[in-house]
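Scroll down for the structure; my scribbles are underneath it.
The values are calculated or read from the model by the stated rules, or taken from the named source; none is laboratory data. Remember, predicted model here, so these are calculated numbers, not experimental data. As a convention, Cβ positions derive from the backbone with ideal geometry for all residues, glycine included, and neighbour counts pool all protein chains shown. Just the protein is used for accessible areas: all its heavy atoms, side chains included, with ligands, DNA and RNA removed. Shrake-Rupley method; radii C 1.70, N 1.55, O 1.52, S 1.80 Å.
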Amino acid sequence: MSDLDAARAPSAEDVAKTDKFDFGAKSRVLPEWQRLLAFGGCAAYSAFHLAILNFVPLDEWLFRTYHVAGGSILGFMIYALWSGERGRGVPVWDWVLIAGAIYCAWYITANLRMLVMRTGVMPTQEDYIVGLIGTILILEITRRTAGMILPLLAGAFILYAFVGPWMPGVLHHRGYSPEDFFSFTYSMEGVFGITTAASSQFIVLFVVFACFLQVSKAGDYFMNLSFALFGWVRGGPAKVAVVSGILFGTISGSAVANVVASGTFTIPMMRRVGYSKDSAAAIEATSSTGGQITPPVMGAGAFIMAELTGIPYSEIALAAVFPAILFYVANYAHVDIEAQKQNIRGLPRDELPKIGPMLADLAMLVPMVLLVLLLLSGYSVMAAGTWGIAAAVLVVLINRVGGVHSSFMLIPLAAVWTLLEFDQTPNEAGMWGIGLPALALLGYAAARTGVGHALAALKGTAHDTLLALEDGAKQSIQLVAVCACAGIIVGVLGLTGLGGRFSAMVLAIAGDSQFLALCFAMVIALVLGMGMPTTAAYAISAAVVAPGLIRMGVDPLTAHMFVFYFAVISAITPPVALASFAAAALAKSDPWKTSFESVRYGIAAFIVPFLFFYHPEILMRGTATDVTMFIMSACVGIWFIALASEGWIKGAIGWVPRAGLVVAAGMIVAGSDWIDLAGLALGGAICAWDWMRRRPARV
């Protein structure tokens with residue numbers, strides 16, 4: 001293996017293997033004119049969001065309307081009615097649905113001023129018809145892109161709005177007429193509410209950013225760098241999978257998509273060095289899933305959480321740093337111990353990229369660095385995402401021009417930062433700091449190899465830009481649909497008051513036990529996540545469960561992070577562990593064994609959320625000393641759990657020392673300072689005992 005082109009596009013066979021574990025129907029084959037129409041529509045959809053978010057102000061309701069309608073139109077073109085649909089091209093009935101989406105958007109545009117005043121209060125017959133049509137369209141596009149579970153759940157909530165007068169106890173409400181209900185739900189209180197606000201402002205932006213990273217070859221570089229750093233160590237390819245899951249997973253909102261993106265390469269490499277099929281698939285599934293709890297993007301979860309809670313994005317991203325570290329410490333520990341048990345070595349160094357040249361090209365990651373710097377410096381999410389994309393376009397141009405070292409990217413990074421320090425707006429700093437280096441680069445290309453080469457590089461960059469915009473829109477359609485559909489459920493909860501009554505029920509069931517309430521929330525998030533994408537599972541869990549936790553005295557950030565984590569790890573939790581099943585399809589392993597192995601590798605993800613409540617230091621709450629000491633001790637505790645789970649220290653250990661390690665880990669992560677020390681002493685003594693008894697006897 002001489003070329004580690006890790007971010008290669010997955011083959012048709014790879015995609016076919018994992019398609020059945022992703023949500024929704026297959027993409028349809030389009031004739032040339034429809035393919036070009038869809039291509040142009042997708043590129044325009046992404047460009048529209050970038051323009052509105054940065055340069056062309058638009059009424060919020062109109063923006064969200066065009067966001068949902070545009071995603072629906074593209075979805076009805078691209079996605080088949082069902083997986084077994086025959087024929088090529090968009091059938092007549094889908095053109096009818098597309099016309100319906102256009103009509104709904106036109107109606108809201110033409111009647112916006114009156115709708116603001118009468119929605120849910122004095123709806124007209126046409127308001128009701130548009131609301132009904134729009135709701136049906138959203139349920140259908142969600143069914144195509146995200147499967148049946150979420151539309152069925154939304155349908156149950158819609159039915160509840162009408163049968164409430166006949167429901168018992170906390171489920172009782174006065175009932176609503178179809179006119180009132182559909183005009184209310186298809187408004188800023190439902191479909192176009194907080195969930196669609198998050199998808200329109202953040203999700204499309206960062207999915208497009210991820211696509212530009214791939215086009216700029218930053219994804220290739222990150223994977224190759226991971227191989228250069230870790231490929232040669234014990235169990236190397238598995239550790240590469242752990243590290244690469246951070247980059248691929250943090251941006252995408254789909255664990256299955258992450259598995260396809262990196263697993264098509266890492267799983268064969270793990271199998272090559274000696275990992276079993278089940279272990280290789282489980283490692284990839286777990287690391288790909290964990291990326292969604294990793295800052296800065298967290299699979300778009302951070303932005304939805306900011307919208308739901310009103311907590312600044314920067315605070316959420318910062319709070320998520322240490323939980324993500326603990327997750328990957330556990331993941332890495334399991335991988336390393338498995339390599340020890342099986343005596344699995346790394347790859348030969350002569351087959352790996354050289355670390356020197358890779359480190360010299362670190363500037364390839366400037367787009368991600370610029371994104372993080374802008375976010376953590378308090379600039380808007382929209383500005384950070386947009387200029388991260390612009391920096392990625394500049395990397396594409398460098399690749400097209402050729403003969404320019406990647407360190408050139410340090411110039412725009414320094415220029416943007418300097419201009420911001422001189423009180424320029426992010427847009428001004430971005431235009432000058434990135435635009436001028438781009439012009440200089442083209443001038444250099446023209447002077448060195450001629451104007452023709454410079455124009456060819458510019459044309460190639462434009463082509464790659466259009467491809468990234470198209471791919472960004474296509475990958476956003478599912479998230480747009482599920483956020484709009486989740487908005488229906490959130491609207492029903494608000495209209496009927498069920499959210500508040502459900503919170504009261506949680507309080508009644510849990511009594512005074514916050515631990516029971518947390519367990520109740522965990523089960524709901526896991527169950528919802530097994531049947532739908534993380535974004536929808538979190539949005540619904542947050543609307544239903546989080547208010548009850550908050551009323552019991554749980555901090556809002558803690559409550560929402562708790563629910564979000566369990567919604568994410570549902571992707572590896574049996575009986576419906578879709579990320580594990582997708583990885584098993586690539587590895588040709590047993591899906592059930594793989595899913596249980598995934599739980600073992602990701603065991604920290606089931607423990608860490610409870611620490612949010614009992615040890616707020618993990619969320620950066622407390623002094624720097626307290627936070628540092630807790631994280632250090634927690635990492636040791638997590639490692640003890642991994643040793644106990646694997647039954648191995650320097651060699652196989654029995655149940656008694658394994659139980660002792662579990663007790664030591666529990667003391668470390670759940671106790672006071674003195675109990676922490678006792679836990680460290682107990683775990684250290686067990687490890688020392690095993691090490692001493694395996695020392696070769698002196699002659």
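So the values come out like this:
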read-out: Looking only at the stretch 414-436, and only at residues there that are within 18 Å of residue 398 (Cα to Cα) and open to solvent by 40 Å² or more (accessible area, probe 1.4 Å), the one that is farthest from the chain's Cα centre (by Cα); value: 436
read-out: Of the criteria (1) part of a helix (DSSP H, G or I); (2) farther than 29 Å from residue 572 by Cα; (3) open to solvent by 10 Å² or more (accessible area, probe 1.4 Å), which one residue 512 fails; value: (1)
read-out: Criterion (under 20 Å from residue 483 (Cα atoms) and either part of a loop (DSSP other than H, G, I, E, B) or touching an Asp or Glu at 6+ places or on another chain (Cβ under 7 Å) (or both)) met by exactly one of 256, 208, 260, 233; value: 256
read-out: The stretch 265-299, subset assigned to a helix (DSSP H, G or I) and open to solvent by 10 Å² or more (accessible area, probe 1.4 Å), residue nearest to residue 327 (Cα to Cα); value: 278
read-out: Which listed residue is surrounded by fewer than 17 Cβ atoms within 10 Å (Cβ to Cβ), among the β-branched types (Val, Ile, Thr), assigned to a helix (DSSP H, G or I) and out of contact with any Pro (no Cβ under 7 Å at 6 or more places or on another chain), from 656, 636, 627; value: 656
read-out: Failed item in (1) touching a Gly at 6+ places or on another chain (Cβ under 6 Å); (2) open to solvent by 10 Å² or more (accessible area, probe 1.4 Å), with residue 206 passing the rest; value: (2)
read-out: Count of the stretch 231-249 residues which are modelled with pLDDT under 85 and open to solvent by 10 Å² or more (accessible area, probe 1.4 Å); value: 4
read-out: Subset of the stretch 450-484 [without any contact (Cβ under 8 Å) to a residue 24 or more places away in the chain and open to solvent by 70 Å² or more (accessible area, probe 1.4 Å)]; value: 451, 455, 459, 463
read-out: Single residue of 395, 404, 372 found to be open to solvent by 30 Å² or more (accessible area, probe 1.4 Å) and within 21 Å of residue 223 (Cβ to Cβ); value: 372
read-out: Wholly within the stretch 62-168, helices (runs of 4 or more DSSP H) carrying at least 1 residues that are within 30 Å of residue 31 (Cα to Cα) and open to solvent by 30 Å² or more (accessible area, probe 1.4 Å); value: 92-110, 125-146
read-out: Residue list for the stretch 301-327, filter: under 18 Å from residue 379 (Cα atoms), open to solvent by 10 Å² or more (accessible area, probe 1.4 Å) and in a helix (DSSP H, G or I); value: 306, 307, 313, 314, 315, 318
read-out: Odd one out for residue 345 among (1) out of contact with any Lys or Arg (no Cβ under 9 Å at 6 or more places or on another chain); (2) not in a helix (DSSP H, G or I); value: (1)
read-out: Per-region count, the stretch 398-424, residues hydroxyl-bearing (Ser, Thr, Tyr) and at pLDDT 90 or above; value: 1
